[in-house]
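These notes are about the structure you will find just below.
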Amino acid sequence: MGKRDATSRPDEVRLTVRVSGVVQGVGFRYLTARRAEELELTGTATNRNDGSVEIIAEGPQSAAAELLAWLRSEGPPGKVEDVASSISPASGSFRSFHAG
């Protein structure tokens, strides 16, 4: 699940999200990765030096929207204070989703 070849399809998007708050050291990246895999998205969740977490997820627009809604909800662990996001065309550069 969550595995794709290295080419993107026209209906796929790249969701880039920066989540700030208490999101490091609480399992946030790993639960985000699990949710993204359930949605069959590929990409990464990475801690940033400023205490935020950056998520890059690629896949169908509907799945990306569902992940974004989950990130904005009470679903993730920790305390989410801000979610900044952008959508662009998928690059097809990910084969799976992992917490880096």
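Values quoted throughout were computed directly from the atomic coordinates according to the rules given, and no laboratory measurement underlies them. The structure displayed is predicted, hence computed values, not measured ones. Positions of Cβ are backbone-derived with ideal geometry, glycine not excepted, and every protein chain shown enters the neighbour counts.
Among the listed values (1) 41; (2) 35; (3) 23, the one matching percent of Cα pairs over 21 Å apart as calculated from this structure is (3). Against the chain, whose longest principal axis is taken from its Cα atoms, helix 61-72 shows a tilt of about 0°.
Extension gain Y30-A84, at 0.36 nm per residue separation less the Cα-Cα distance, in nm? Could the numbers behind the result be given before it?
On the way: separation 54, 0.36 × 54 = 19.44 nm, distance 1.93 nm.
Additional length available on full extension: 17.5 nm.
This model, with +1 at the C-beta of Lys and Arg and -1 at the C-beta of Asp and Glu, gives the chain a dipole about its Cα centre of some 200 debye.
Go through 82-95, 22-35 and give me the packing order, highest mean Cβ count within 10 Å leading. Numbers along the way, then the final one.
Details: 82-95: 14.4, 22-35: 18.1.
With the highest mean Cβ count within 10 Å placed first, the list reads 22-35, 82-95.
Based on C-alpha pairs under 8 angstrom that are at least 6 apart in sequence, the chain has a relative contact order of 47 percent.
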